[in-house]
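One structure follows; several queries about it will come next.
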Amino acid sequence: VYPNNLTNIAAVGAIATDLSDRWNCTVVMYDGVTNESDVNNAQMTISTYLCGDEVSSSTTLKTGLNSCSDTGLTITSDDVVLDCNRTLITGTGSRGIYVGDKDRVTIKNCNVSGFVDSIVFQNSLNSWVINNTINGSSRVGLFLEGVNHSTVLANKITDTVTAGIFLNGSISNYNNSI
């Protein structure tokens, strides 16, 4: 095997595809002498979402996001449920998950690690933050600014520098279990 010496024998375009399309791919590793028969060498995962993507409808993640250098995911519509399905979203960027000026948003079952602020809600009504694990924020684990009539429940926040949960201009946030 020669480092950085890969041969592209096929390319797949994304011109006529949607996020909901399902693709079946086969990868056969070739070391220059023989095709690999070890199935572990012939698998790959294609994630629907990448670091920096916008989420505009309810979704359940199938894979995590790694090494995000800016925002992990941004919620761009009202009435969205983001179920991370216990997947890991990691990075060193400003925010792991960002919700700005959106109402009735639910963020649940997320493992967010390493961001400046892990989960950020700004100017939101009637939203939910449920059953998330937040670790290693360099500033705030859960940042709520201008968030009203919302619920924060059963979240585990550890190893943050400034605060686990920061509330600014937020009222009537009930049923909290911190």
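Under 20 Å Cα to Cα from Lys62, which lysines show up? Leave out anything in the same chain fewer than 8 places away.
Partners found: Lys108.
What is the extension gain from Arg139 to Asn66, computed as 0.36 nm multiplied by their sequence separation minus the C-alpha to C-alpha distance, in nm to one decimal?
24.4 nm
Related question: Indicate the gyration tensor shape class of segment 73-178 (rounded, prolate or oblate), computed on the Cα atoms with a ≥ b ≥ c the square roots of the eigenvalues: a/c under 1.5 is rounded; otherwise a/b larger than b/c is prolate and the rest oblate.
Because its axes are fairly even, with a/c under 1.5, segment 73-178 counts as rounded.
At 7 Å along the Cα-to-beta-carbon direction for both Ser56 and Leu153, put a label point, then send me their distance in nm to one decimal.
Label at Ser56, label at Leu153, 3.0 nm between them.
Report the extension gain between Asn168 and Asp78 in nm, rounded to one decimal, defined as 0.36 nm multiplied by the number of residues separating them, less their alpha carbon distance.
Between Asn168 and Asp78, full extension yields an extra 30.3 nm.
Oh, and also: Could you go through segment 89-101 in sequence order and give the Karplus-derived ³J(HN,Hα) for each residue, using 6.51 cos²θ - 1.76 cosθ + 1.60 with θ = phi - 60°, rounded to whole Hz, and x for Gly and Pro?
3J(HN,Hα) across segment 89-101, in whole Hz: 10, 10, x, 10, x, 5, 9, x, 10, 10, 10, x, 6.
Right, another one. Tell me the relative contact order for segment 78-178 as a rounded percent, counting alpha carbon contacts under 8 Å between residues six or more apart.
Computed over segment 78-178, the figure is 22 percent.
Bear in mind these aren't lab numbers, they're just calculated from the coordinates by the rules spelled out. Everything numeric here is computed off the predicted structure, so don't read it as measured data. Note that each Cβ is placed from the backbone with ideal geometry, even for glycine, and that neighbours are counted across all protein chains shown.
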